[in-house]
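What follows is a short report on a single structure.
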Amino acid sequence: MTPLESAKINLNKKGYLDIETLDVDYVTEINRLKKEKNAILLAHYYQIDEIQAIADFVGDSLALAQQAAKTDADMIIFAGVHFMAETAKILNPTKKVVLPDLLAGCSLADSCPPDKFSEFKKQHPDHLVVTYINCSAEVKALSDYVCTSSNARKIIDSIPKDQPIIFAPDRNLGAYLNKETGRNMLLWNGACIVHEAFSMEKLINLCKAHPDAELIAHPESEAHLLRVAKYIGSTAGLLNHVKNSPKTKFIVATEAGILFQMMQENPNKQIIPAPAKEDNTCACSECAYMKMNTLKKLYLCIKYELPNIEVDAELAKKAIVPIERMLELSK
């Protein structure tokens with residue numbers, strides 16, 4: 001049995017092709033293979049720096065969905081997590097979509113099991129369903145609209161005020177949107193472990209040590225943190241705020257992967273990650289799933305076009321409807 005045959009057998013269990021690579025210049029080979037296969041590499045801001053540095057496009061969930069919808073590449077390599085690659089496949093049913101590690105999941109998506117959400121929806125038949133893009137294809141198929149943190153306000157405002165809404169899966173983003181829009185949306189009780197990992201005690205000490213720093217936060221963060229943030233915005237919103245602000249020092253409460261792009265764009269500004277409850281190596285909040293993708297896995301995934309993402313055709317037909325509504329409203 002060849003190493004590739006053995007790796008294929010173990011693919012679903014391991015999540016990636018476990019093949020030894022000797023003396024491979026990953027960056028050079030990834031760039032060569034992309035050109036050879038007419039492939040585009042899309043990466044989320046939360047990916048490791050080395051992957052962001054070689055991606056054809058780096059963005060937040062909305063921008064990545066928009067890129068996936070309009071690409072003319074034959075193959076989409078998604079350096080992100082499973083629901084992102086799944087969304088790209090729904091938008092491109094005839095294209096090959098590959099993900100370096102199938103087990104790169106999402107704690108927020110996991111907090112909304114499709115069977116339980118389906119039952120919840122049946123209990124409220126008069127409600128429209130708006131779901132955050134961080135969910136499975138099955139949950140998207142149960143939705144009327146999909147949104148991201150960049151466009152959630154716009155999508156909710158497009159729905160008549162007297163129309164009851166279920167918002168899922170993120171309770172923190174939903175509560176923030178209720179406050180901002182004056183709605184009383186019914187919230188699914190889901191959350192992202194990364195955005196709930198910040199330590200208020202450590203954050204208070206950090207703010208005291210840097211009184212001239214502005215605290216900025218992602219709306220998936222908990223309400224007590226959002227109450228003290230000076231700016232609240234999506235991943236792209238946070239990046240734009242720092243770039244356009246006259247201030248020179250920021251404490252950033254979101255996944256630490258954003259810091260790479262933020263520092264690239266603002267070399268003369270001081271960027272400080274908000275501290276996590278856990279005493280980890282970076283003293284910040286990191287998504288372990290996002291960090292599962294490596295240059296080696298990325299290289300093997302492009303070379304052998306595995307793991308590839310497939311979505312059932314009937315499921316994709318239902319899931320694409322709320323996604324396309326989102327993209328239309330986001331133009």
Keeping all protein chains in position, work out how much accessible area Lys122 exposes to a 1.4 Å probe, and write it in Å² to the nearest 10. 130 Å²
I need the peptides 17-26, 238-247 ranked by packing, meaning the mean over residues of other C-beta atoms within 10 angstrom, with the highest value on top. 238-247, 17-26
Simple spin-label estimate for Ala223 and Ser158 in nanometres, 7 Å along Cα-Cβ: 2.9 nm
Tell me, what is the 1.4 Å probe accessible area of Cys207, in Å² to the nearest 10? 50 Å²
For the chain, what is the largest minus smallest coordinate of the Cα atoms on each principal axis, given in angstrom and ordered from greatest to least? 59, 51, 34
Cα gyration tensor shape of the stretch 59-216, rounded if a/c is under 1.5, else prolate or oblate by comparing a/b with b/c: oblate
Near-label residues of the stretch 49-70 by backbone N, under 15 Å of a point 7 Å along Cα→Cβ of Val321: none
From the residues Ser199, Tyr145, Leu298, which one has its Cα farthest along the dipole of the chain in the positive direction, the dipole being from +1 and -1 charges on Cβ of Lys/Arg and Asp/Glu about the Cα centre? Tyr145
From the cross-link list Lys116/Lys317; Lys14/Lys297; Lys14/Lys317; Lys70/Lys331, which pairs have alpha carbons spaced over 18 Å apart? Lys116/Lys317; Lys14/Lys317
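Rank by packing, highest mean first: peptides 65-71, 79-85, 32-38, 193-199, with packing defined as the count of other Cβ atoms within 10 Å averaged across residues.
79-85, 193-199, 65-71, 32-38
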To the nearest µm²/s, what D does Stokes-Einstein give for the stretch 138-184 at 25 °C and 0.890 mPa s, using the Kirkwood radius over alpha carbon pairs as Rh? 221 µm²/s
Would you mind classifying the stretch 172-331 by shape? Square roots of the alpha carbon gyration tensor eigenvalues, ordered a ≥ b ≥ c; an a/c under 1.5 is rounded, otherwise it is prolate if a/b is larger than b/c and oblate if not. oblate
Taking a probe of 1.4 Å, how large is the accessible area per residue of the chain, in Å²? 45 Å²
Would you kindly state how much longer the chain becomes between Lys70 and Ser118 on full extension, computed as 0.36 nm times their sequence separation minus their alpha carbon distance, in nm to one decimal? 14.2 nm
Mind checking the full-extension length gain between Asp49 and Glu314? Use 0.36 nm per residue of separation minus the Cα-Cα distance, one decimal, nm. 91.7 nm
At 1.4 Å probe size, put Ile133, Ile320 in order of accessible surface, largest to smallest. Ile320, Ile133
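The values are calculated or read from the model by the stated rules, or taken from the named source; none is laboratory data. Small disclaimer: the values here were computed from a predicted structure and weren't measured. Virtual Cβ from ideal backbone geometry, glycine too; neighbours counted across all protein chains shown. We work out accessible area using only protein heavy atoms, side chains counted, and drop any ligands, DNA or RNA first. Shrake-Rupley method; radii C 1.70, N 1.55, O 1.52, S 1.80 Å.
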